[in-house]
Amino acid sequence: MKKNLSPYYLINTMFKFNKKFIDPENSDRQNKIPLIAISILIVLIIGIIIITKFQLKQEEKEKRTGVLNNSLQLINLISMYPIKDFETDKRDLFFKTLINNSLNSGLLYCYAHDLTGKVIASFTMSDSVKDSPWEIQRSSLFSMWLTKQTFNEPGTGKAIYEYAKPVFENNQKTGTVRIGFQVPEIVVFKGERLSHLSMIVFLILATIILFYYGVLIVIKPLQKIMKNSKKIIHSSVPESNNGGQGTNIVNIIGELNKSFSNIQDRITRIESENIELSTKMGAISFEKDQIINLLNSLSFGIITTDLHDNINYINDYISNLIGRQLKDVLDQPFDQIIENDDIALSILQFEQIETAGNGKNIETTFPNFSPGETFGVSLYNLTDKSGESIGKMILVKNITFQKMGEKTQQEFISHVSHELLTPLTTIKSYNEMLMDGEIDKEEMQKEFYNTISEETSRLTRLIQNLLNISRIETGELVINRDFVRTELLFEDCAAAINASALNKNISFQKLLPDTFPSLNGDKELLKVSINNILNNAVKYTPEGGRISFSLYEYNNTVTFEVINTGGGISKNDIPRIFDKSYRSDDKHVSEQYGSGLGLAITSEIINLHGGEVEVQSEPGKETCFKINIPKGEYYLEDK
């Protein structure tokens with residue numbers, strides 16, 4: 001049965017040991033000491049045997065390795081002599097080499113054979129083993145490279161190793177050299193080993209003695225407690241039935257056991273709390289990493305500072321903006337890392353706000369970090385649970401495109417207002433003059449009526465374009481696909497601008513294919529998009545210029561192509577001409593009226609048909625617009 005190793009059991013055991021072996025009044029002490037001495041002696045003998053056996057194995061291993069290495073060197077050295085030298089007077093040099101290398105090397109024999117296997121020189125160190133078995137010799141004599149073989153000595157069974165190596169002259173084998181050796185026996189009782197074992201025995205005895213007296217020193221205070229307890233028991237309490245042992249020492253040991261148990265319980269509880277705390281810390285660390293990853297993925301910058309405006313966090317957006325990592329700016333003053341007078345003034349004003357959480361928004365630039373861009377900066381006050389301020393949070397967002405959009409929107413509203421006001425003013429003026437009878441000539445009246453009609457048409461087109469833009473932006477512009485005859489669509493578009501081209505004395509050329517392709521699309525919307533490009537061609541072609549309008553099919557794509565002479569379009573303007581309300585600063589463009597909506601509507605309509613609009617132009621050269629629309633398939637049941 002397994003014993004209980006509780007503190008109570010250990011203390012009882014130590015008291016019993018003290019009582020039997022340490023107490024000078026115990027008569028059995030003298031009988032126990034010889035038993036201890038015998039036990040120590042047995043332990044020492046077993047230890048010496050184990051250590052000696054280990055040393056012998058190590059020494060045997062080292063000696064065998066050394067003998068193998070020496071023998072390999074010897075066979076390589078001997079095989080360097082030509083085989084004919086073993087038959088002449090140079091044989092003495094051969095034997096001298098063997099004698100110098102055989103001392104303490106375990107060499108047993110050495111033979112030199114000619115090509116036929118005949119022994120022409122021999123050297124033996126032992127009468128017990130003069131040569132190897134015939135099968136070993138045969139394997140050695142017929143080998144063309146270094147061989148190593150092992151056989152057992154007859155009678156003793158000891159291992160004998162043989163090395164054999166062929167002798168070559170002029171790349172031809174002329175003979176073989178064989179050597180046999182045996183690992184010398186290891187002497188067990190030699191002076192060096194005995195002195196080493198003596199030192200180990202001395203260290204073990206010294207350790208046991210020191211341990212013994214150390215135990216005495218540790219148990220001595222407990223011995224005093226036991227003696228004092230005996231005095232208390234004899235003076236105040238009768239002896240118990242357990243052989244005279246007092247109850248007070250039992251109580252003391254019980255109290256100690258209870259204290260140890262309480263300590264053990266507390267340690268267990270602390271360990272459990274540590275495990276729980278470690279789990280919570282791991283969860284908090286994971287959540288922290290998730291929050292950091294979330295903040296780093298935001299498309300705006302976050303900076304947090306302490307009460308003294310020292311930075312304690314920036315996300316990746318700010319890090320990329322200023323070109324510095326968090327570790328480089330941590331605990332650094334904000335105004336030294338990001339030098340910006342607008343933000344510095346806002347922070348100074350913001351600190352005067354007493355209400356927690358109040359924000360302040362400004363617009364500023366960072367010429368040193370991102371020139372030419374505008375940023376929106378928001379300041380917020382950070383507070384703890386009690387409402388006390390603990391720092392600030394600064395949000396930085398790039399609003400360059402937003403500002404450009406606002407500017408474009410303002411320009412669009414201003415431009416559209418102008419486009420609406422101009423024809424309305426003309427219509428109102430001409431109408432008032434006609435109503436007042438100021439124009440009495442019939443030809444002049446017709447001219448006024450034509451002008452009013454043109455301006456009304458201009459207003460109608462502008463309003464229709466505005467409605468189309470609104471429908472495009474809200475996603476309400478839907479194409480009604482149907483069979484489209486391109487020859488009719490082409491003629492309708494050409495007829496719509498024919499009069500305008502004649503008024504400006506513009507040569508209008510139509511290029512038609514032999515066979516007209518068909519389309520599956522919305523004819524009215526396609527007419528709007530093609531007319532927008534044709535109207536622009538008439539508008540920006542000077543008097544006496546030329547416009548070419550053609551239709552053709554290529555790779556299942558129907559193309560409407562418009563080429564006109566004029567000032568051309570600059571490389572910077574081409575990417576933006578399809579933007580809503582964009583108008584170039586070019587003089588020959590700004591002189592003409594227009595809302596900047598036509599090409600934007602054209603691009604959207606063609607995109608809805610799965611096509612594209614291409615532009616090829618250079619300043620001072622012809623301009624070419626191509627409307628490419630996939631031909632598609634049309635089925636009667638699609639109607």
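The values are calculated or read from the model by the stated rules, or taken from the named source; none is laboratory data. Keep in mind it's a predicted model, so treat the numbers as computed, not measured. Ideal geometry is used to build each Cβ from the backbone, glycine not excepted, and the neighbour counts take in all protein chains shown. Only protein heavy atoms, including side chains, enter the accessible area calculation; ligands, DNA and RNA are left aside. Shrake-Rupley method; radii C 1.70, N 1.55, O 1.52, S 1.80 Å.
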Study note, to complete from the structure: Of (1) in contact with a helix residue (DSSP H, G or I) (Cβ under 8 Å, 6 or more places away or on another chain); (2) free of Cβ contacts under 8 Å to residues at least 60 places away in the same chain; (3) not hydrophobic (A, V, I, L, M, F, W, C), His308 fails just (1)
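Just the residues that are touching a residue at least 24 places away in the same chain (Cβ under 8 Å) and open to solvent by 80 Å² or more (accessible area, probe 1.4 Å), please, taken from the stretch 47-63. Steps first, please.
Kept after step one, since they are touching a residue at least 24 places away in the same chain (Cβ under 8 Å), are these residues of the stretch 47-63: 47-48, 51-52, 55-56, 59-60, 63.
Answer for the stretch 47-63, where residues must be touching a residue at least 24 places away in the same chain (Cβ under 8 Å) and open to solvent by 80 Å² or more (accessible area, probe 1.4 Å): just Glu60.
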Revision key, fill the gap. Phe260 meets each of (1) within 30 Å of Phe123 (Cα to Cα); (2) at pLDDT 75 or above with one exception, condition (1)
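Would you confirm, using the coordinates I've provided, whether Val538 is modelled with pLDDT of 85 or more and either β-branched (Val, Ile, Thr) or open to solvent by 60 Å² or more (accessible area, probe 1.4 Å) (or both)?
Working: modelled with pLDDT of 85 or more: yes; either β-branched (Val, Ile, Thr) or open to solvent by 60 Å² or more (accessible area, probe 1.4 Å) (or both): yes.
Judged against the criteria, Val538 is a match.
If the requirement is being within 18 Å of Asn607 (Cα to Cα) and of a type in the set (Lys, Arg), which of these qualifies: Arg546, Arg485, Arg481?
Values: Arg546 fails: within 18 Å of Asn607 (Cα to Cα); Arg485 fails: within 18 Å of Asn607 (Cα to Cα).
From the options Arg546, Arg485, Arg481, the qualifying one is Arg481.
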Exercise for review: Of the numbered conditions (1) open to solvent by 40 Å² or more (accessible area, probe 1.4 Å); (2) farther than 16 Å from Met393 by Cα; (3) touching a strand residue (DSSP E or B) at 6+ places or on another chain (Cβ under 8 Å), Ser278 fails exactly one; give the number of that condition.
Suggested key: (3)
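Which of the residues that make up the stretch 601-610 are touching a residue at least 24 places away in the same chain (Cβ under 8 Å) and either closer than 13 Å to Asn532 by Cβ or in contact with a strand residue (DSSP E or B) (Cβ under 6 Å, 6 or more places away or on another chain) (or both)? Spell out the reasoning first.
From the stretch 601-610, those touching a residue at least 24 places away in the same chain (Cβ under 8 Å) are 601-606, 608-609; that's our starting set.
Listed by number, the residues that qualify are Ile601, Thr602, Ser603, Glu604, Ile605, Ile606, His609.
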Revision key, fill the gap. When (1) over 52 Å from the mean Cα position of the chain (by Cα); (2) open to solvent by 70 Å² or more (accessible area, probe 1.4 Å) are applied to Glu487, the one that fails is (2)
Practice item. Filter the stretch 148-166 down to residues that are surrounded by fewer than 19 Cβ atoms within 10 Å (Cβ to Cβ) and modelled with pLDDT of 80 or more, then give me how many there are. Key: 7
Study note, to complete from the structure: Reported set for the stretch 495-511 where residues are surrounded by fewer than 17 Cβ atoms within 10 Å (Cβ to Cβ) and modelled with pLDDT of 90 or more is Asn505, Ser507, Gln509, Lys510, Leu511
Point to revise | Candidate set from the stretch 103-125 (those that are of a type in the set (Gly, Ala, Ser) and surrounded by 14 or more Cβ atoms within 10 Å (Cβ to Cβ)); member that is nearest to Pro82 (Cα to Cα) | key: Ala112
Practice item. Within the stretch 515-535, work out how many residues are of a type in the set (A, V, I, L, M, F, W, C), in a helix (DSSP H, G or I) and buried (at least 21 other Cβ atoms within 10 Å of the Cβ). Key: 5
Exercise for review: Look through the stretch 356-397, keep the residues that are over 14 Å from Thr305 (Cα atoms) and among the small types (Gly, Ala, Ser), and return whichever of them is surrounded by the most Cβ atoms within 10 Å (Cβ to Cβ).
Suggested key: Gly376
Practice item. Would you check if there is a residue in the stretch 542-557 being in contact with an Asp or Glu (Cβ under 8 Å, 6 or more places away or on another chain), of a type in the set (D, E, K, R) and within 15 Å of Ile627 (Cα to Cα)? Key: no
Practice item. Working only within the stretch 339-353, note down all residues that are within 14 Å of Thr305 (Cβ to Cβ) and either open to solvent by 70 Å² or more (accessible area, probe 1.4 Å) or at pLDDT 85 or above (or both). Key: Leu348, Glu351
Practice item. Output yes when any residue across the stretch 393-401 is within 60 Å of the chain's Cα centre (by Cα) and at pLDDT below 85, and no when none is. Key: yes
Study note, to complete from the structure: Of (1) at pLDDT 85 or above; (2) touching an Asp or Glu at 6+ places or on another chain (Cβ under 7 Å); (3) open to solvent by less than 20 Å² (accessible area, probe 1.4 Å); (4) not in a loop (DSSP other than H, G, I, E, B), Ile605 fails just (2)
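Give Gly214, Gly180 a once-over and let me know the one that is open to solvent by less than 60 Å² (accessible area, probe 1.4 Å), modelled with pLDDT under 75 and among the small types (Gly, Ala, Ser).
Working: Gly180 fails: modelled with pLDDT under 75.
Residue meeting the stated conditions: Gly214.
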Review point. Modelled with pLDDT under 90, part of a helix (DSSP H, G or I) and surrounded by 12 or more Cβ atoms within 10 Å (Cβ to Cβ) - does that describe any residue in the stretch 299-314?
Key: no
**Study point:** Filtered residues of the stretch 610-631 (kept if more than 10 Å from Thr559 (Cα to Cα), in a loop (DSSP other than H, G, I, E, B), touching a Ser or Thr at 6+ places or on another chain (Cβ under 9 Å) and of a type outside the set (Asp, Glu))
**Key:** Pro619, Lys621
Exercise for review: Kindly indicate whether Val187 is open to solvent by less than 20 Å² (accessible area, probe 1.4 Å), modelled with pLDDT under 75, out of contact with any Pro (no Cβ under 6 Å at 6 or more places or on another chain) and not in a helix (DSSP H, G or I).
Suggested key: no
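Which fully enclosed helices (runs of 4 or more DSSP H) of the stretch 1-109 have 3 or more residues being more than 27 Å from Pro184 (Cα to Cα) and modelled with pLDDT of 70 or more? Please lay out each step first, then the result.
Numbers: elements: 7-17, 29-78, 91-102.
Fully inside the stretch 1-109 and qualifying: 29-78.
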